[in-house]
Amino acid sequence: MASLARAIRPIASKAPRRLVQLPARPTEIPSILTRQATRCLSSTPIRRNETIDLTDLIPTPITHYSETESMMAESVANFATNVIGPKVRDMDEAEAMDPSVVEQLFEQGLMGIEIPEEYGGAGMNFTSAIVAIEELAKVDPSVSVLCDVHNTLVNTAFLKWGTEAQKKQYLPRLASNTVSSFCLSEPGSGSDAFALATKAVKDADGYTINGSKSWITNSAEAGIFIVFATLDPSKGYKGITAFIVEKDTPGFSIAKKEKKLGIKASSTCVLNFDDVKVPKENLLGKEGEGYKLAIGLLNEGRIGIAAQMLGLARGSWEYAVKYCWNDRKQFGSLIGNFQGMQFQIAQAYTEISAASHLIYNAARKKEAGEDFIMEAAMAKLKASQVAADVSRSAVEWLGGVGYTREFPVEKFYRDSLIGSIYEGSSNIQKQTIAKLLQKKYTT
Ligand SMILES: Cc1cc2nc3c(=O)[nH]c(=O)nc-3n(C[C@H](O)[C@H](O)[C@H](O)COP(=O)(O)OP(=O)(O)OC[C@H]3O[C@@H](n4cnc5c(N)ncnc54)[C@H](O)[C@@H]3O)c2cc1C
């Protein structure tokens, strides 16, 4: 019990302050995830679908990290600042992810955080993934969402629903060199996520998929795609089925790349399926289980998007307060000395902390095997609101320079607005929260 308790609600971290020394040349950075770190949490209880008995646990503050999580936070922060940081503006202007960033994410073990070591991953817990997503977003929310979708949606899909053969075939690639996408949305199916027009037809060898998908994150870089299609339209959402599609499958094409307001370096494309033949081995889960699979993954994934928004809020707040408290003087005083500014700064920090508590509570509940759907919805709702509010304030606090591309806060603000749209809009999160509350309070 003691060791499980450490993994689930660790007592205050005693992690060494500097476990990974960054060398002068970024390409020489050693893997963030040392063997010691990976062993520490390799028995994440949720992987065994167990509910953990928490009754004997001494309650600890929700935001305390385990040693491994602390190490993850510090190491990813260093990596993001030193390796990704110098590329952020150029990637945003080019509206493209630098391939070397993707390579480094793999090298650092950040693309297989929860994948067990036997399949080449880091074997860490869900909260470690959340920590990494948050730290990446403090520097670049585009890189963060690449890592987030790959880890919390696709890797989790294989871990939870893959057969042993599928795990052996795909997890080592997902952990080491192949980016992935989660393909649910379509032109006519966004919030109404299961009104799919993409169809799959079964034949002797497998399935044939026809249709198209919209707004698919990572699709320009991805080699593996999880695709949802309706196999039996007469069954409604219960006819939806998940398939594994490889990039080079004939008939599959990546079409228009969207030009976006924010997270511009993250690719978002239209995908077309013209008689795409998928062998029966590429069925993920059972026929008709696609709905169940997608809804479960998105419930978890929302905690990841919330973490992306939290990192973004922290990144913009920290940049702005350093400017206010160190650099900019007006009326003979640093602008951060004015009470009018201090009250805004304090309010923003309080909001960030509130979002953080919701997120880490949702993550811990998920790891403990408890219901977390409402907590995840609240975390995403709040974090996306806080990210938009705080990054907007950061632009204002920097004044004229905040409005220019010379400073990072305008990008954080543009990037923040996606938080209330993808993986369920804010209205859809409120709908989920209200539905669960209504169930509880209806007599
Ligand atoms: C950058 C980006 C990346 C994305 N990545 C992916 C991806 O990787 N994979 C994927 O499958 N999808 C992805 N999406 C799609 C995304 O999940 C959808 O855009 C989102 O679910 C909203 O759907 P929609 O755009 O059709 O909006 P709509 O559903 O048309 O919603 C428009 C507005 O109506 C409101 N609304 C809709 N229904 C209701 C209701 N019942 N009650 C109250 N309000 C309602 C919404 O809250 C919203 O404000 C991405 C989108 C973007 C922009």
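A compact table of results
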{"read-out": "Segment 276-400 - Kirkwood radius from inverse mean 1/r over Cα pairs (Å)", "value": "16.8"}
{"read-out": "Dipole moment magnitude, nearest 20 debye, segment 119-269 about Cα centre, only Lys, Arg, Asp, Glu C-beta charged", "value": "160"}
{"read-out": "Distance between modelled label sites at D56 and L437, nm, 7 Å Cα→Cβ extension", "value": "3.7"}
{"read-out": "Between 0 and 90°, nearest 10: helix 373-398 axis offset from the chain longest Cα axis", "value": "40"}
{"read-out": "Segment N337-V401, extension gain: residue separation times 0.36 nm, minus the distance between their alpha carbons", "value": "21.1 nm"}
{"read-out": "Degrees, to the nearest 10: 164-176 long Cα axis against longest axis of the chain", "value": "30"}
{"read-out": "Restraint check, K138/K430; K286/K382; K160/K365, Cα-Cα greater than 29 Å", "value": "K286/K382"}
{"read-out": "Cα shape, segment 389-440, gyration tensor, a/c 1.5 rule", "value": "prolate"}
{"read-out": "FRET E, pair D232, D274, Förster distance 22 Å, beta-carbon r, rounded to 0.05", "value": "0.55"}
{"read-out": "Aspartates and glutamates whose Cα lies under 19 Å from that of K366, excluding same-chain neighbours fewer than 8 positions away", "value": "E50, D53, D56, E69, E114, E134, D148, E300, E375, E423"}
{"read-out": "Candidates S353, S234, S219, ranked by Gaussian network fluctuation over the chain, Cα under 10 Å, top entry", "value": "S234"}
{"read-out": "Cα convex hull volume per residue for the chain (Å³)", "value": "155"}
{"read-out": "For segment 123-229, fraction of C-alpha pairs farther apart than 20 Å, in %", "value": "49"}
{"read-out": "Estimated vicinal HN-Hα couplings, Hz - segment 134-139 in sequence order (Karplus 6.51, -1.76, 1.60; Gly, Pro = x)", "value": "4, 5, 5, 5, 4, 9"}
{"read-out": "Calculated [θ] (222 nm, deg cm²/dmol) that DSSP helices of n ≥ 4 give over the chain, each run adding -39,500 (n - 2.57)", "value": "-14000 deg cm²/dmol"}
{"read-out": "If the convex hull is drawn through the Cα atoms of segment 182-290, its volume per residue in Å³", "value": "93"}
{"read-out": "Quarter of the Cα convex hull surface for segment 62-138, i.e. its orientation-mean projected area (nm²)", "value": "5.4"}
{"read-out": "Enclosed volume per residue, in Å³, of the convex hull spanned by Cα atoms of segment 273-326", "value": "128"}
{"read-out": "Linear extension gain, E281 paired with E117, 0.36 nm per residue minus alpha-carbon span", "value": "56.7 nm"}
{"read-out": "Crossing angle, helix 339-367 versus the chain [Cα axis fit, 0-90 degrees, rounded to tens]", "value": "30"}
{"read-out": "Reachable lysines, given that their alpha-carbon falls under 17 Å from the alpha-carbon of K277 and they are not under 8 places away in the same chain", "value": "K199, K202, K213, K247"}
{"read-out": "Taking the chain and dividing mean pair separation by its residue count, relative contact order in percent (alpha carbons under 8 Å, at least six apart)", "value": "15"}
{"read-out": "Highest average packing first - 123-129, 227-233, Cβ atoms within 10 Å", "value": "123-129, 227-233"}
{"read-out": "Hydrodynamic radius by Kirkwood, which averages 1/r over all alpha carbon pairs of segment 231-300, in angstrom", "value": "14.2"}
{"read-out": "Amide N of segment 91-108 lying under 16 Å from the label point, which is placed 7 angstrom from the Cα of N82 along Cα→Cβ", "value": "104-105, 107-108"}
{"read-out": "Segment 265-293-segment 165-227 distance, computed between alpha-carbon centres (Å)", "value": "3"}
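Bear in mind these aren't lab numbers, they're just calculated from the coordinates by the rules spelled out. Keep in mind that what you see is a predicted model, and the values were worked out from it rather than measured. Ideal geometry is used to build each Cβ from the backbone, glycine not excepted, and the neighbour counts take in all protein chains shown.
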